[in-house]
Each structure stands twice: as C-alpha cells, then as structure tokens.
1. Within the stretch A:283-313, can you find the residues that are within 12 Å of chain B (Cβ to nearest Cβ), closer than 24 Å to A:Pro251 by Cβ and assigned to a strand (DSSP E or B)?
2. I'm checking my understanding of the structure. Among residues of the stretch B:1-22 that are of a type in the set (Gly, Ala, Ser) and out of contact with any strand residue (DSSP E or B) (no Cβ under 6 Å at 6 or more places or on another chain), which one is surrounded by the most Cβ atoms within 10 Å (Cβ to Cβ)?
3. Taking B:Leu27, is it surrounded by 16 or more Cβ atoms within 10 Å (Cβ to Cβ), farther than 26 Å from A:Lys152 by Cβ and either of a type in the set (Lys, Arg) or out of contact with any His (no Cβ under 8 Å at 6 or more places or on another chain) (or both)?
4. Please go through the stretch A:1-27 and pick out each residue that is part of a loop (DSSP other than H, G, I, E, B) and surrounded by 10 or more Cβ atoms within 10 Å (Cβ to Cβ).
5. List every residue pair whose Cβ atoms sit under 8 Å apart, with the two residues 6 or more apart in sequence or on different chains, where the first one lies in the stretch A:161-181 and is in the same structural domain as A:Leu423 (by TED's automatic domain parsing) and the second, anywhere, is buried (at least 16 other Cβ atoms within 10 Å of the Cβ).
6. Out of all the residues in the stretch A:304-316, is one or more within 25 Å of the chain's Cα centre (by Cα) and surrounded by 18 or more Cβ atoms within 10 Å (Cβ to Cβ)?
7. Just one of A:Ser126, A:Ser103, A:Ser115 is free of Cβ contacts under 8 Å to residues at least 60 places away in the same chain, in the same structural domain as A:Leu244 (by TED's automatic domain parsing), within 24 Å of A:Ala247 (Cβ to Cβ) and among the small types (Gly, Ala, Ser); which is it?
8. Taking the stated definitions as given, is A:Glu112 charged (D, E, K, R), modelled with pLDDT under 95 and part of a helix (DSSP H, G or I)?
Amino acid sequence: MPFIPHTEDDVRRMLDVIGADSIEQLFDEIPEELKCRSFDAIPEGLSEMEVAVIMQQRAAQDANGLCFIGAGSYDHHIPAAVWELTTRGEYYTAYTPYQAEASQGTLQLLYEYQSMMTALTGMDVSNASLYDGASGLAEGVLMAVRVNRKSKSRRVLVPRTLHPAYRKTVDTIVRNQKIELVELPFDSATGKTDLAALEQYAGEDITALIIPQPNFFGVLEDVDAMTDWAAANNTLTIAAVNPLSLAILKPPGEWGDSGVDICVGEGQPLGIPMSSGGPNYGFMCCKQQHVRQMPGRIIGRTVDLDGKPGYALTLQAREQHIRRSKATSNICTNQGLMVTASTIHMALMGGEGLAHTAGACHANTQNLVGMLTALEGVDRRFDSPVFHEQVLTLDAPVAEVLHALSEQNVLGGYALANDYPELGNCLLVCATEKRTDTQMQTFADTLDRVLSTHRKGN
Amino acid sequence: MSNTPSDLKYTKSHEWIRDNGDGTVTLGITDHAQELLGDLVFVEVPESGTEVEAGGEIAVVESVKAASDVYSPVTGEVVEANEALADAPESVNDSPYEDGWICKIRLSDTSQLEALMDADSYATHAEEEEH
C-alpha cells in the first residue's frame, strides 16, 4: 500500500483547478536531459518480514567486542532513565518546533540545557545546539571571522592536533568562503601544539586560533598560553573541547587572562550512544559581547502579561528565515532529541556525577596504559598529561594488530597512521569508566599474545 | 506622518545624509524607516577607516522583527561611527536625525550628493511605497 494521502480522484480534481493535464506537466520547465527516468539502482521494495531478516543478518555482522576506541566518540554509561524519559511522547520530537512558543516544555528544556552548558564551559551564552561537533567548529570559524572585524586577513590557525575529521569538515565548509586555514604543527616529543610555531605568527593579522582540549592524541594543550597569545595578537580564540572533560578541567571561559571567545564541541559523551557515529549534536557557547554573531537558536526566559515566567525564542532576527543568505548560518539546525537526552543525562548525573565519571575515565586509561606499556614492544609515544586517551607505539604494524585483536573480540584502539603518516606505528587507546580491571587485563593479555605471535612470525 | 527635515538628502532605501560642509557627511536612517522597523535592539556600526562604495552595506539595524542592512549612497571612508548606539540603540527610534546618527563618511567626491533625493521627493517616495 502506498502511503500517499491523495487518491487519483483528488489529484485529477487539483489538476483541473490549476488547468494542467498531468503531474508531469508541472515539471516541464526542467530540461529533458536532466530528468531521471528510472531508478534502476534502487531495488524493488521488500516486505517488512523480508527487511527484518536482512537487518538482523547485518546487525549480527557488527563487532560486539570490548571497546577501547575513542577518537571522538566514546563508550560511556548512559543511565536507563535517560532514554526512557527522552522517548516519552511529550519529548519525542527531533526538531525545533515551528510554533515554538506553543511548546513551552521543549523551550524550558532547551533553556535548562543552555544553562548547564554555560556552567560547564564557563562561558556567558549557549545556543540551543548545532548539528555535530565538527560542523559546530566550522560554524565557530565563520562566526569568528564575522566577529573579528578588525582583522582583514581571514586567516585561521588550525592545530594539526585537532581531530582529523574536524579539520576536514572545517575545510569543506569554509574553503570556498575566502577563509585561509593555516596548519600549526605539534611537538614530536610532547604531542602538544608547538608554541614556538605559534609565536612565528606574532604581530601578523590572524583572525582566529582554534584550541583543541584535549587534543586528538588525548594530550592536554597549553591552553592558557595559547589563549593569552591570541588575545595579545588581536586573534579570536575558538576552543574545541570534550564536554565531559570540563567536569574536571579548567573551563574555557577561564583559560588565560580573559577566557576564550567561542567554545564548541561534540555533545556525544553526555548521554548519546555511539550508534555507528550518529546522530550526535554539537554545542556552541560564546562571550556575551559576540552573541549577535552566534548561529542557531537561543531560548530566553521572560514573563508574560500576568508576570508568569515563560520561554521564548530570542535573537531570531539574524536567522535564515529572515536574513536569507546574510543569516548567521544556513545550516543552523539544532538536534532537539539528542539535546533532550543530554539535558536529562546531565541533570541525572549532576556536576558531581560528571566529575566522578571524568575522573574514572582518566584513572582507567592510566591503569590501561600501565598494563599495556608493561608488555614487551609497547611504549608511550608522548610524554604529556592526558585526559582519557593515550598514544602508544607498537613494535608491529598497527593495522595487523588491530585485526588480530578484533578476532578475539577486542576493539583495540584507533590506528593513527590513517591520518598522521608520521605516527605510523602508533595506536590511540581509550578506557572509559565502563571498562573494568578484568576487561583491561583481557586486552593486555590478548595484545601480548598477538605481539609475541607476530615476533615469532618474523 | 513621519518627519523628513528639509535640510537633509535622502535615498530610496530610507537613509538620510547630512552635508557637514567639510567634505564629510553624516548618515542615518529616516524616521519613516525606524517606524517600519519598530523598536531597535541592536545597531552594528562600521569600523572607522572602512572604505565604502556607493550602494554598499555599511551597517545593520536589528529590531525584534528583522535585521536590515543600511546602505551607503556615497563612496568614501568611514571617519567616525556612533559608538553610543551600542548601549542605546533606541536613540534611532527616539531621535533618528540627531542622537540616532550611524556614521560619518569622508566623501571621495562631493558631487555625489547631487544625485540624492530632497525631502519632498523622499516623502512622496515613502508615501508611494506605503500603497
């Protein structure tokens, strides 16, 4: 049964009214050669039963191993109450309501989300979320270029330690907007952005500096020094942070003498399952003085004529339905459902719960690294403090090792050679609060066997 | 009926221009424009030193309803912006021709002013737009 509400009779009567012979006639203005006549690549439809069989087969192909992969998406515990509440009918809407003020419950939730994010980041203002962390950073770059009107160069410094997918996404979105992205190298010993390389740009017209914390290697950057350098150079700062880490690390609003200008990141660690890489959500916060250039929606608290509190969309005048191509963003969707889950997650965990989780992740990763580096052929690559990820060097090809581990149901980490040819034999590992001592011991024992098998094979 | 002082020049896009007699002009939006926009909540003024082309965007006035561009009808360089609008955007509503001025521009060529509308032409234009 086709799920199309119009009967043939409906269609014919509508065509009669507008004086057209057929629906095809409505598309006459499209040149013939551009029309797609058939959909050969799309197979015939299947019944629900047939689809269920296929999907079960495919689901069974998923690796259900012990996860020690981080690299931007993290295997955290999500209390059952979070998604039980989120999927209640009252909340289960994936998008900004179009009659916004009729949905006071959703607006109140978004307002509370914004309040939590400003508390976590130490910033003045939060928007109601963006599409994901990577596109959120691209929005941060575009916003910084709009805000920093004294700078004419449209040059943005991007550390090589920033997540590779974020670097690609930012490049894709801003490349054709006359913005120049300049890569900042990292120190090979510490895994941190090289401050000497940054210093070379002192006195130059640099519009913005991105500061990842922790960086892709898990390493904590010299965020105070970088923020202060930028402030002294009339360069705007954009922090790209893991929100969970902020429960125990200094918030970006307090970096350096005056804090960063814009703070973005990926919300997935706060109550969103890993689920094949999405949907996630991006967050964005900024200083009050920059708020009019902030993309996306902001919910404000106000009072009605009777003095009762209520919530309203605010600062809408620069959004795309009013400003069109001059809007602060044209991809400023928010992720209503993900933010709902995240807000409930944060409310349930509380500041103390989040700090406890972040601390457990850090401690587990330290334990794991201790166990792994005790093995022959495994070493720490960088000598720097980390949050909950660490780069290790192996004395065997990482891709082969990861494959052998996965056959033993251990997802052993992320091979950095994919993105960093200079880190060819390096593995990025992560142990969240969910990993037990036994699981970590299993990883260490399995890795030991894999490496010694490899040595015998040579 | 909106106020359109006779000593000023006007544009079709509802800016006013005052000839300061020293090679500079002062620019703002008309009483009629501020009435259409409603209560202003923010005015984004240009940086001093900005080079502006006739017909180019020079400022943004934001009300609760809309954010609208302000265009410069003249070519020149911005020599001063009304920074007081940052804290008091309502000046544009209360006093569009005095306290609510937006910026001052040094003209590249003073003959540019001749092409602008006088108060009567602008009043007629604004009235026609209404209908």
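1. The answer is A:Gly300, and nothing else.
2. Within the stretch B:1-22, the match that is surrounded by the most Cβ atoms within 10 Å (Cβ to Cβ) is B:Ser2.
3. no
4. Across the stretch A:1-27, the qualifying residues are A:His6, A:Ala20, A:Ser22, A:Ile23.
5. Close Cβ pairs satisfying both conditions: none exist.
6. Scanning the stretch A:304-316 turns up at least one residue that is within 25 Å of the chain's Cα centre (by Cα) and surrounded by 18 or more Cβ atoms within 10 Å (Cβ to Cβ).
7. Sole residue among the options that is free of Cβ contacts under 8 Å to residues at least 60 places away in the same chain, in the same structural domain as A:Leu244 (by TED's automatic domain parsing), within 24 Å of A:Ala247 (Cβ to Cβ) and among the small types (Gly, Ala, Ser): A:Ser115.
8. No: the conditions fail for A:Glu112.
The values are calculated or read from the model by the stated rules, or taken from the named source; none is laboratory data. Just so you know, these numbers come straight off a predicted model, no measurement behind them. Cβ atoms come from the backbone with ideal geometry, glycine included; neighbour counts cover every protein chain shown.
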